1. Would you mind ranking PHE99, PHE163 by Cβ crowding within 10 Å, fewest neighbours first?
2. Let me know the shape class of segment 200-324, please: from the alpha-carbon gyration tensor, a ≥ b ≥ c as square roots of the eigenvalues, rounded when a/c is under 1.5, otherwise prolate if a/b is greater than b/c, or oblate.
3. Got a sec? How would VAL208, VAL202 order by Cβ neighbour count within 10 Å, fewest to most?
4. Counting other C-beta atoms within 10 Å, which of ILE29, ILE2, ILE193 has the fewest, and how do the rest follow?
5. Go through segment 283-297 residue by residue and turn each phi into a ³J(HN,Hα) via Karplus (6.51, -1.76, 1.60, θ = phi - 60°); whole Hz please, and just put x for glycine and proline.
6. Using only alpha carbon pairs under 8 Å that are at least six residues apart, calculate the relative contact order of segment 1-112 and give it in whole percent.
7. Just to confirm a number: summing +1 for Lys and Arg and -1 for Asp and Glu over residues other than ARG90 whose beta-carbon lies under 12 angstrom from that of ARG90, what do you get?
8. Would you work out if the chain is rounded, prolate or oblate? Take a ≥ b ≥ c from the square roots of the eigenvalues of the alpha-carbon gyration tensor; rounded if a/c is under 1.5, else prolate when a/b is larger than b/c, oblate otherwise.
Amino acid sequence: MIPASLLNGLRDATRVLAVSHVKPDGDAIGSLLALGHMLGALGKSSVLSLNDPVPAIYRSLPGADAIVGPQRDAAGFDAVIALDCSSVDRLGRAYGAAFAHLPLLVIDHHITNDRFGTINWVAPECAATSQMLLLLADALGVTIDQPMAQCLLTGLVTDTLCFRTNNTTAAVLAAGMRLLEAGGNLTTITENILEQRSFNVVRLWGTVLDAAQLEQGVIWVTISLAQFEACGANGDDGSLSSLLIRTEGADISATFAEKLGESGAAAVECSFRARKGFDISGVAQQLGGGGHPAAGGCTVPGTLAEATAKVIPLLQQARTNGLSEP
Ligand SMILES: [Mn+2]
C-alpha cells in the first residue's frame, strides 16, 4: 500500500530534488529517470542528482543526460525524493545539509531500510524500486510511455538478474509484461547492460577466480587494489558475487574488494549473494550495510585479511541458519 501521505506529498510538490544511492545500479538509475518522466507528466519540475557519474552502460537510457551531480542550493525546491536507498548515508553527497529542512520522501524496497525519511514507503515484497514506481504511476494516473517503460524495465531486469532471483513473484512478471506492452525492449537490457562486461573486468575475473575458496557452503574471492589496477578495472568487479553463487556446493557467495576509505584508511567493500532459503541481509546490516535476503553488501574497515577473518564466519553461520530452517 502506498502511504496516502506520500501521494499527497507528491501532489503538493512543484519542484523536486530526486536522488538515489552512491555507485548507482540499474534500479537506481532506472527508477530515478522514470520518476523524472513521471513528475514531468504531472506538470512538475525535477532535478535528478547522484553522488557518482552515470556508468557508461546506462547513458543511453532516455533522459540520462539530465542527471547531475550533488546540488548545494535548495532554493525553489519543495521536496526531496530518495529512491532505492536503505539509509541516508547511501545517498552520499547527493543529499546535502541545504536540503535537510524539506520533506524527504523515501521510496525503497530494501528490507533493511531504516526509515530515514519524513514519509517512508518501504515495500520489500517488490523486487525493485522500479516495480514500486509502476504502482506509483498507476496511483497518480500517469500513463507509462515508452521512455518510462524502458527505464523501469531496466531497473526490474537488473535487480532480478532478468527475472531469475528468488523474489521474482508473479507480480514481478506481471510488471515486466506491462513494461513490455508499453514499449520496453528486453533484449537491449539483457545484452547491453545485464550480461555485458568490459574486457578489463573479464581479465580481473581471470586473475582473482584462481584463488577462490569454498568452505562450508560459502564461496569467496578477494580483490586487491593492485589487482584492480593491473587489469584497469577501476574498482569494478562486474558483480562477481552473482557469478560465484552459481557454483555447485555454494549457498552463499562473497567478494571482498580492497579500497581506500574516507580518510585514506584501508577498507574492504563486501558484496554478498545467497541462494533461496538463505539470508545474508542480517550479516550485511550487522556490519553497517544493507540489502535483501538474496543480495546485499557492506564496507568494513581494515585489510582484506582482517575483513575475511571477520566476515566469513558470519556468512558460514548464516548458511548454517539457512540449513536448519525447514
Ligand atoms: Mn533496487
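1. Numbers: PHE99 19, PHE163 14.
With the fewest neighbours first, PHE99, PHE163 line up as PHE163, PHE99.
2. On the way: a/c = 1.96, a/b = 1.33, b/c = 1.47.
It is oblate, given that a/c is not under 1.5 and a/b is not larger than b/c.
3. On the way: VAL208 22, VAL202 13.
Result, fewest neighbours first: VAL202, VAL208.
4. Working: ILE29 30, ILE2 16, ILE193 20.
Least to most surrounded, the residues fall as ILE2, ILE193, ILE29.
5. 5, 4, 5, 4, 9, x, x, x, x, 10, x, 8, 7, x, x
6. Details: 192 pairs, mean separation 34.9, N = 112.
Relative contact order, segment 1-112: 31 percent.
7. Numbers: positive: LYS23, ARG93; negative: ASP25, ASP52, ASP84, ASP89, ASP108, ASP114.
Summing Lys/Arg as +1 and Asp/Glu as -1 gives -4.
8. Values: a/c = 1.66, a/b = 1.52, b/c = 1.09.
Because a/c hits 1.5 or more and a/b exceeds b/c, the chain counts as prolate.
Every number here is computed from the coordinates shown, using simple stated rules; none is lab data. Just so it is clear, the model here is predicted, and its values are computed rather than measured. Neighbour counts are summed over all protein chains in view; Cβ atoms, including those assigned to glycine, are modelled from backbone coordinates with ideal geometry.
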